[in-house]
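Only one structure is covered here, and it is reproduced in the block below.
None of the figures in this text is laboratory data; all of them are computed from the coordinates on show. These numbers were taken from a predicted model, which means no experiment stands behind them. FYI the Cβ positions are ideal-geometry reconstructions off the backbone, even for glycines, and counts take in every protein chain you see.
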Ligand code: ZN
């Protein structure tokens with residue numbers, strides 16, 4: 001779909017210890033490590049990507065793990081929750097699984113007519129497992145312990161908290177083609193009809209709350225999905241026309257990106273479907289080898305000696 005935002009592409013967050021992060025996302029949550037690379041702006045740090053089998057846009061959660069980083073603080077000017085879609089009837093399984101793995105969670109609750117379970121990852125990053133009222137036909141990555149009956153499908157929504165939501169809402173509606181679907185207390189649910197899944201952004205208005213601090217256990221940025229580079233540049237013009245500052249096109253090896261800070265204070269990215277995660281690894285082998293962008297290949301030995309081994 002040309003000139004359309006296709007929901008969420010990926011969400012990137014900050015973690016502490018890389019091994020802990022790897023264990024939690026692959027073993028406890030049962031996601032697939034689909035790419036093991038480095039932070040292109042800090043190549044002595046991993047950039048770990050988790051998603052479905054192929055790393056489909058709308059399923060990809062990525063981390064920069066910095067061992068010993070100070071904990072962030074949730075607040076305004078932040079993406080404060082990541083919502084994953086799970087099948088109907090799976091919340092009891094997840095509650096039991098979180099319990100057994102000593103994960104901090106709340107008993108299931110309901111909003112917008114959907115049941116959800118809130119939990120924190122080992123660094124305090126906040127999640128919701130939501131049973132979507134809309135159909136979610138995505139094929140999940142499955143493990144021995146987490147079958148298709150329970151497995152995470154990919155993103156359901158992301159929540160952004162600001163003192164005043166109007167300017168963020170304007171980016172979503174006027175630039176990105178989202179519409180306000182529902183409101184409950186101080187939460188406004190925006191949705192795009194361009195895609196069936198990973199289509200929701202919730203904006204929470206918290207007028208008195210202080211700004212959060214982005215560090216360990218916080219979302220670093222939220223990336224929205226476009227089909228190709230031509231569409232990417234179409235949106236660049238739109239954001240510039242709104243008077244916002246946006247980067248030039250950046251090659252991230254697996255997608256092309258633009259970054260801008262939305263008026264509510266959250267770093268937004270727009271990212272393309274092309275070329276995708278199989279550009280340097282077969283789908284069957286995704287995440288098994290350390291992949292470096294061309295500019296760091298000559299420093300591979302040094303980088304490998306610094307990065308902690310994951311097992
Ligand atoms: Zn990104």
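Using a Gaussian network model of the chain in which every pair of alpha carbons under 10 angstrom is joined by a spring, one finds that among 199, 88, 13 the greatest mean-square fluctuation is at 88.
Dividing the Cα radius of gyration of segment 10-159 by its Kirkwood radius returns 0.94 for Rg/Rh.
How much space per residue, in cubic angstrom, does the convex hull of the C-alpha atoms of the chain take up?
Details: hull volume 39.5 nm³, N = 311.
So the per-residue Cα hull volume is 127 Å³.
Annotation: extensible slack from residue 110 through residue 282 equals 57.9 nm (criterion: 0.36 nm per residue apart, minus Cα-Cα distance). Build a GNM of the chain with springs between Cα atoms under 10 Å apart, and of 126, 238, 35 the one that fluctuates most is 238. Of the residues 137, 202, 67, the one with the fewest other Cβ atoms within 10 Å heads the list, and the complete ranking is 137, 67, 202. Counting every other Cβ atom within 10 Å of each residue's Cβ, 141, 66 order from fewest to most as 66, 141.
Taking every DSSP bridge with both residues inside segment 8-306, close to 65 percent are antiparallel.
Evaluated over the Cα positions of segment 164-311, the convex hull gives a direction-averaged projected area, one quarter of its surface, of 11.8 nm². Evaluated on segment 260-305, the Kirkwood hydrodynamic radius is 13.6 Å, with distances taken between all distinct Cα atoms.
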